Amino acid sequence: MSAQPTSLVVHINGWPGTGKLTIARHLAERLGARLADNHTLINPAEALFARSDPLYRSLRSAVRASVFEHLAMASFKQSFVFTDALSDDVADTRAFEDCAELARERGARFVAVVVDCDVAENLKRLTRAGRSKLHKLTDPDVLLGLRGRHRLLRGSSDQLIEIDVTALGADAAAEAIAARIADPSAVR
């Protein structure tokens, strides 16, 4: 019988405004994990440069690379929860693979979580107060364009959890995800 990994790398993926960060906060607390949400990784570039400035992409890449380099050196007992809004394109697949590679390097179990909700609920959540202060997407037309042209990425992982959060609060969603992580053989 092989030993179970001592840590987890959990990647939560969903459209902007589905509640990923709030769910991730609750989940990280339940798992005793550290949270590395996508805005923690991109906001330094967002604060200093316009997205059209080449220095924006350069800084964003450098911050992400440095964070992943340091996480690879963290205690092997430490678990991590990531959030992203990744679709079915090549660049997003590479970003997802960074998390998969981190899990492999650490000997951790890699859990991919895809959260989604219906469009009306997504639009309502997208425009909630406070999102723009965190440099989060708030433009309904951009969200509708993304949802119309792309599909949420479901990359390769040790365990895939898909959850519809239309009628679920963040704490209930985190509880359901934690239960599935704890018992990967349970019926989804």
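Worth a mention:
- Normalised by 2.2 N^0.38 Å, where N counts its residues, the alpha-carbon radius of gyration of the range 1-145 equals 1.09.
- q = 0.19, 0.28 Å⁻¹: log10 I(q)/I(0) that the Debye formula gives for the range 135-181, counting C-alpha atoms only: -0.89, -1.01
- Antiparallel beta bridges, as assigned by DSSP with both residues in the chain, represent about 5 percent of the total such bridges.
- Separation in nanometres of the label points that stand 7 Å from Cα toward Cβ, at LEU55 and ASP183: 5.4 nm
- Peptides 161-172, 130-141 ordered by packing proxy, namely the average of other Cβ atoms within 10 Å per residue, highest first: 161-172, 130-141.
- Cα gyration tensor category, rounded, prolate or oblate, for the range 92-188 with a/c compared to 1.5: prolate
- Placing unit charges on the Cβ atoms only, positive for Lys and Arg and negative for Asp and Glu, gives the chain a dipole magnitude near 300 debye about its Cα centre.
- When only Cα pairs below 8 angstrom with a gap of at least 6 residues are kept, the chain shows a relative contact order of 34 percent.
- Helix runs (DSSP H) in the chain reaching 20 Å along axis by Cα, Kyte-Doolittle at least 0.0: 54-73
- Cross-link partners for LYS136 among the lysines, with Cα-Cα distance under 18 Å and sequence neighbours closer than 8 places in the same chain left out: LYS20, LYS124.
Coordinate-derived values only; no laboratory data. Given the structure is predicted, the values throughout are model-derived calculations rather than measurements. Note: ideal-geometry Cβ built from the backbone for every residue, glycine included; neighbour counts use all protein chains shown.
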